[in-house]
Amino acid sequence: MDENDLKRYTVILGGGSGVLFQPLDETITYVLSAKHVFYNEMKNDDGPNTKELKDIISISYSDAQNAPNDIDIKKDENYFEHPDANVDASILIIKEILGCNKIFVDENCIAFNECLLCGYPSKIDDNKNDRYSNHQINRKINITNNGYFRLETNFGNLNHEDIKGFSGGGILRLSNGIINIIGIQSSTTTDYANGQIDVVPINKFIEIVEENSLSEMMPSFLTSFKFLKDKAFDISAGILDENISFTRKFLKDKTLAVINSDITPIFIKDLFKERLLINENNGAKLNDELIYVTWLEFLTLINIAKEFACTQNDLESIFSMTRLLYKNTNDDWQSDNFLEDCLSSNYLGLNENGTVFIKTNSNPVAGNIAYYKLEKGSLVPRIDAFRKSYENGTLTVNNIGSAVSDVDEFAFDKYNFIHFEYLKKYMLIENSDDFKTYKRPNENELLIKLKEEYGKVFGI
């Protein structure tokens with residue numbers, strides 16, 4: 001994804017802007033915006049001006065072929081406001097499937113300097129396709145009395161009229177192929193922007209959803225593994241693929257035991273939280289789909305090794321024997337920086353001699369087991385250098401949040417480390433000849449073989 005995707009998720013909404021968001025109900029799309037965008041100001045000669053909810057609002061998407069649509073506003077039917085009159089937040093529901101499923105809420109943003117204010121300032125041009133603009137957020141200044149973020153942008157000398165139309169625009173951040181939404185712009189702090197804006201944090205929109213029992217602001221794959229079934233065990237042995245074709249189908253079918261259990265991705269996310277990530281405490285990273293595809297495969301293989309399906313009650317005991325850690329990176333998992341991150345990660349509750357499975361976006365070099373496994377006490381030169389520093393009391397690493405700290409225990413002398421792809425790419429693909437005789441008539445023999453092989457890895 002790139003900044004063009006930020007434009008695709010940003011719409012013109014009346015005289016302001018809005019952000020498209022895919023909730024759990026995939027038949028609808030939310031438009032998140034500022035409440036005041038939906039109101040007309042009514043002049044009153046006898047007193048202060050009043051505001052009146054519009055009957056109709058127009059919405060335009062970034063696609064040049066997409067003419068503005070007029071949408072009837074029906075309060076508490078397709079239009080919902082925050083219950084606090086002082087909170088400038090609202091949600092418009094449109095019954096269109098727009099495929100906006102790569103956007104996730106981030107309630108705990110710590111990287112405001114990586115965010116952009118995205119919207120359609122009206123003064124730039126009358127042509128809507130030239131009006132889209134974004135501005136870098138420099139920093140968070142503070143949190144205001146009403147809970148808004150006060151942010152500093154790079155507006156420079158632009159005044160209020162120059163940025164009018166940004167109201168309702170999103171504070172968005174591109175991160176590892178997804179969009180994080182931090183909040184919605186409500187206002188500038190003075191008539192002259194001076195770089196400062198007030199932003200309604202995304203949790204205020206979650207409150208609207210909860211207050212009105214609307215579809216949750218989470219992706220559907222977090223609610224059930226059934227949405228990930230087709231992506232599990234998506235492996236190929238190339239020209240030898242026929243050797244593993246039945247085994248692949250067999251494993252895919254075995255995912256049903258996990259899908260039909262009481263374990264869900266959201267349960268795993270809530271139970272383990274940052275213990276799912278490598279040296280990372282950014283909760284937004286826990287929404288990466290690949291984490292839960294990997295967990296579906298992980299639990300399926302454990303089920304095979306154990307001969308019975310795991311339940312929620314089994315997860316903590318599993319995590320005491322094995323650990324599955326994820327990092328959204330293409331870096332070599334045996335590079336110095338990656339190994340340093342492993343030393344800084346959270347192993348709370350993992351027994352000594354336990355096995356840590358590592359999942360990344362890139363696979364180790366094929367055909368050599370040394371690239372997949374780092375057994376306890378490994379004498380790999382890179383690890384040995386870290387070990388000597390640890391023994392000499394000079395090993396310090398960048399811990400979570402980039403804080404420099406001493407390592408309390410040398411994880412590579414306490415646990416075994418295996419790249420998760422060892423369970424598929426090495427054990428199945430690189431040894432595909434061992435599986436070419438298995439078909440439906442002897443699938444029980446295949447189950448016995450898989451139980452034996454994966455039982456060794458999981459220590460079952």
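Residues checked against (1) open to solvent by 60 Å² or more (accessible area, probe 1.4 Å); (2) modelled with pLDDT of 85 or more; (3) of a type in the set (D, E, K, R):
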site	(1), (2), (3)
Gly349	no, yes, no
Glu352	yes, yes, yes
Pro364	no, yes, no
Tyr371	yes, yes, no
Pro381	yes, no, no
Ser389	no, yes, no
Thr396	yes, no, no
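Of all the residues in segment 80-102, those that are under 15 Å from Phe21 (Cβ atoms) and either without any contact (Cβ under 8 Å) to a residue 60 or more places away in the chain or not aromatic (Phe, Trp, Tyr) (or both) number 14. Each residue in segment 171-203 was checked for being among the charged types (D, E, K, R) and buried (at least 20 other Cβ atoms within 10 Å of the Cβ), and 1 pass.
Among the residues examined, Leu228 does not qualify as surrounded by fewer than 19 Cβ atoms within 10 Å (Cβ to Cβ), in a helix (DSSP H, G or I) and among the hydrophobic types (A, V, I, L, M, F, W, C). Among residues of segment 287-308 that are at positive phi, those with a Cβ under 7 angstrom from a residue that is surrounded by fewer than 21 Cβ atoms within 10 Å (Cβ to Cβ) and part of a helix (DSSP H, G or I), sequence gap 6+ or separate chain, pair up as Glu307/Lys451.
Checked across segment 197-216, the condition of being modelled with pLDDT under 85 and either in a helix (DSSP H, G or I) or over 26 Å from Ala284 (Cα atoms) (or both) holds for no residue.
Let's see how each residue does on (1) within 28 Å of Ala111 (Cβ to Cβ); (2) in contact with a Gly (Cβ under 9 Å, 6 or more places away or on another chain):
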position	(1), (2)
Thr255	no, no
Tyr292	yes, no
Trp295	yes, no
Lys306	no, yes
Leu325	yes, no
Asp331	yes, no
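Only residues that are buried (at least 19 other Cβ atoms within 10 Å of the Cβ), part of a strand (DSSP E or B) and of a type in the set (Ser, Thr, Tyr) were counted in segment 50-107, giving 2. The criterion of being under 32 Å from the mean Cα position of the chain (by Cα) and modelled with pLDDT of 85 or more does not hold for Asn444.
Each residue in segment 6-49 was checked for being exposed (fewer than 12 other Cβ atoms within 10 Å of the Cβ) and either out of contact with any Asp or Glu (no Cβ under 6 Å at 6 or more places or on another chain) or closer than 12 Å to Ser90 by Cα (or both), and 8 of them qualify.
The values are calculated or read from the model by the stated rules, or taken from the named source; none is laboratory data. Nothing here was measured: the structure is a model prediction, and the numbers come from that model. Cβ atoms come from the backbone with ideal geometry, glycine included; neighbour counts cover every protein chain shown. The area values use the complete protein model at the heavy-atom level, side chains included, leaving out ligands, DNA and RNA. Shrake-Rupley method; radii C 1.70, N 1.55, O 1.52, S 1.80 Å.
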